[in-house]
Amino acid sequence: MPSRSQGSSSGLAPDDRSPRSRRSGPTRRCNADPEPRARWFDERMPLPIENYALIGDLHTGCLVGSDGSIDWLCLPRFDSASTFGALLGDHDAGRWLVAPADAAATSTRRYVDDTFVLVTRWTTPTGVVEVTDLMPYGDRRADVVRRVTGVSGTVSMHVDLAIRFGYGTAVPWVRQIPEGDRTALVATAGPDAVVVRGPRLTATDHTHEATFDVSADETVDLSLTWYPSHREPPTPVDVSARIDETVAWWQEWASRCSAPEAYTHEVHRSLLILRALTNEDTGGIVAAATTSLPEQFGGSRNWDYRYVWLRDASMTLQALILHGYAEEADRWRGWLLRAIAGDPADVQIMYGLAGERYLHESELGQLPGYDGASPVRIGNAAYKQYQGDIFGEVMVALHEARLLGVEESEYSWPLQRALMQYVEDNWTRPDNGIWEIRGELQHFTHSRVMIWAALDRAIQGVEQFGLDGPVDRWRGLRDEVRTEIESNGWNADRASFTQHYGTTEVDASLLQLSQVGFVAADDPRMLGTVAAIEHDLLQDGLLMRYRTESGVDGLDGAENPFLTCSFWLAEQYAASGRVDDAVTLMDRLVGYCNDVGMLSEEIEVATGRHVGNTPQALSHLALVRAADAISRATSAKSTESTESTTTNA
């Protein structure tokens, strides 16, 4: 990666890469043009999901709105209770706003190149300021830093701070403590405490406010640091040093990225997002930074995604290895070995960041939910489910690691052997499927195919790498599983594989059949399945997971098109020779990235609004896969064209 110039005051450098790929597509959501912000004193409902940007320190992350308000922050981990929870309620659930006092101010924003240091530029009638937001990396502290820098003129800035621990249930005891010629604000409730430094804050009805002026070349620093309440407040942050160190760390990490030629910028940012969702200590990768952002506005399909799914983490392992990050992949494998160690019968589909097993699901009545979508849930009861596909995802990922040079450890292959024994004993069980249905258990075709994939990769481990195992028995069972799928998961009338045995419904997860090698992407059976998926599940050009009206999931309400599935379709198009269709769909999908490159879980097609938890690891993983597939297909097409020209000549 080329070196980047450093600003004199904070080490910041502008992102000089184009924010778009070379192809045209929909305009990026949020702040494509400067917009007036909401009035700071309006206790408004949260912003559109696409108007938030993530900052984080590899332990937790917060969402900063385009209006300058931090509306979501859980300290000190992603899955801790919220300190700022306005995302799921209003001002009284906690938030931290730093923005011009003039409600007519407009803003644009960007990340410092290849980092999660966010710079928002505010333009007002009296001047211009920049607010730099970050969670410093590497000091083992839970800090949020907000630096206000005057660019021109003089701007009156306003601070509105409402601290609410425990998902909005705990209004803290707040006091001012002296620090030299200044004071700091300390807020305490139960086990949690924060110390806030910066302009002196005054209390107003359980919030704290300040107003201050910033002129050209002046800098005002604000910081918030979480700490256990039984300890003394941590020392102040050296803001300039921490900004420089954080920028340097992220840029060094990004410099090791190997991205495809197609959609380079989007892949680069997606891999950065996956890193930001990864705990640096444990290697656990959360599915998203949020809980209970709805799959349908006003609906009840609201889930907590701040945990580590084996499926998502396995796919992340493959993405990291393929793009230059073997060390991170090895750390994830260590997490996996610790999380699922023990009796294979106890394997769960998901765990806490450090491998915690008990993820009890409950509803929080004190929070009204995002724009009224209730209930708000913490924990996730899906941890109790049996999903047969996870064994395939894990075995495929670990096999990919072997192919790319990650050596087996003393315990990794014995653990895989134990998992395969469990597969042998349980492969005929119905399950909840990849989408975690809460209705009747089914024999899902996708789950069975992933069982096949688990056996296939175990066999390849023996055949290609000389590992020990009952390969003849595995081969026989692999053939038996294939025969069952082709007999029960295939519908001849539709010329398609089906969602589960005994139905004519299809499911977007069937697109993974070619990804794992069960059938080739251009196999007539796969092409027939794609045609059925297009007929049943395309909604205004984007793909639903399945037809919710079939009742298979046992839930009320509906949902919106699922970004992951749409990226899978683009990947399938590319792999089966429909390269132009793949590019057309991919251009549309990457156009849904917001102004800082983030994607949520789903898209409301009519408005282009982001829906569901954000940023969504699975969406960004699928983006990376699709970009890789399009790059391969484009390269192959170019090679064929060159060879044809040479032959004709």
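The values are calculated or read from the model by the stated rules, or taken from the named source; none is laboratory data. Note that the coordinates shown come from a computational prediction; the quantities given were computed from them, not determined experimentally. When we count neighbours, we look across all protein chains shown, and the Cβ atoms used for this are built from the backbone with ideal geometry, even at glycine. Protein only, heavy atoms only, side chains kept; ligands, DNA and RNA dropped before computing areas. Shrake-Rupley method; radii C 1.70, N 1.55, O 1.52, S 1.80 Å.
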| message | Just to confirm my filter: which helices (runs of 4 or more DSSP H) fall fully inside the stretch 406-510 and include at least 3 residues that are touching a Leu at 6+ places or on another chain (Cβ under 9 Å), farther than 22 Å from residue 310 by Cα and in contact (Cβ under 8 Å) with a residue 60 or more places away in the chain? | response | none
| query | Any idea how many residues of the stretch 133-158 are buried (at least 18 other Cβ atoms within 10 Å of the Cβ) and either more than 24 Å from residue 61 (Cα to Cα) or small (Gly, Ala, Ser) (or both)? | reply | 4
| Quick one: would you say residue 492 is on the phi < 0 side of the Ramachandran plot and surrounded by 18 or more Cβ atoms within 10 Å (Cβ to Cβ)? | no
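To keep it simple, each residue is scored yes or no on (1) open to solvent by less than 10 Å² (accessible area, probe 1.4 Å); (2) touching a residue at least 60 places away in the same chain (Cβ under 8 Å); (3) under 18 Å from residue 79 (Cα atoms); (4) touching a Cys at 6+ places or on another chain (Cβ under 6 Å).
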residue	(1), (2), (3), (4)
341	no, yes, no, no
351	yes, yes, yes, no
354	no, yes, yes, no
362	no, no, yes, no
393	yes, yes, no, no
| Single residue of the stretch 270-307 satisfying the filter (part of a strand (DSSP E or B) and at pLDDT 95 or above) that is farthest from residue 368 (Cα to Cα) | 304
| over 27 Å from residue 303 (Cβ atoms), small (Gly, Ala, Ser), in contact with a Gly (Cβ under 8 Å, 6 or more places away or on another chain) and surrounded by 22 or more Cβ atoms within 10 Å (Cβ to Cβ), is that true of residue 509? | no
| message | For residue 221, only one of the following conditions fails: (1) free of Cβ contacts under 8 Å to residues at least 60 places away in the same chain; (2) outside any loop (DSSP other than H, G, I, E, B); (3) among the acidic types (Asp, Glu). What is its number? | response | (1)
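What number of residues in the stretch 498-527 are of a type outside the set (Gly, Ala, Ser) and under 21 Å from residue 395 (Cβ atoms)?
We begin by selecting, within the stretch 498-527, every residue of a type outside the set (Gly, Ala, Ser); these are 498-501, 503-507, 510-513, 515-516, 518-519, 522-527.
So of that shortlist, the ones also under 21 Å from residue 395 (Cβ atoms) come out as 510-513, 515-516, 518-519.
Count: 8.
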| field | Of the criteria (1) surrounded by fewer than 22 Cβ atoms within 10 Å (Cβ to Cβ); (2) at pLDDT 85 or above; (3) of a type outside the set (Ser, Thr, Tyr), which one residue 346 fails | value | (2)
| field | Flag for residue 210 being assigned to a strand (DSSP E or B), in contact with a helix residue (DSSP H, G or I) (Cβ under 9 Å, 6 or more places away or on another chain) and of a type in the set (Gly, Ala, Ser) | value | no
| Top-ranked residue in the stretch 560-595 [being among the hydroxyl-bearing types (Ser, Thr, Tyr) and outside any helix (DSSP H, G or I); ranked as most open to solvent (accessible area, probe 1.4 Å)] | 576
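Of the residues in the stretch 293-322, how many are of a type in the set (Gly, Ala, Ser), touching a helix residue (DSSP H, G or I) at 6+ places or on another chain (Cβ under 8 Å) and closer than 26 Å to residue 72 by Cα?
Residues flagged as of a type in the set (Gly, Ala, Ser), touching a helix residue (DSSP H, G or I) at 6+ places or on another chain (Cβ under 8 Å) and closer than 26 Å to residue 72 by Cα within the stretch 293-322 amount to 2.
Being surrounded by fewer than 22 Cβ atoms within 10 Å (Cβ to Cβ), part of a strand (DSSP E or B) and charged (D, E, K, R): is that true of residue 244 here?
Spelling it out, it is not the case that residue 244 is surrounded by fewer than 22 Cβ atoms within 10 Å (Cβ to Cβ), part of a strand (DSSP E or B) and charged (D, E, K, R).
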| query | Which of the residues that make up the stretch 465-523 are closer than 14 Å to residue 446 by Cα and among the aromatic types (Phe, Trp, Tyr)? | reply | 490, 497, 501, 518
| query | Only one of these conditions is not met by residue 229: (1) open to solvent by 10 Å² or more (accessible area, probe 1.4 Å); (2) within 30 Å of residue 337 (Cα to Cα). Which number is it? | reply | (2)
| field | Of residues in the stretch 159-210 being of a type in the set (Ser, Thr, Tyr) and either under 13 Å from residue 227 (Cβ atoms) or open to solvent by 20 Å² or more (accessible area, probe 1.4 Å) (or both), the one modelled with the lowest pLDDT | value | 204
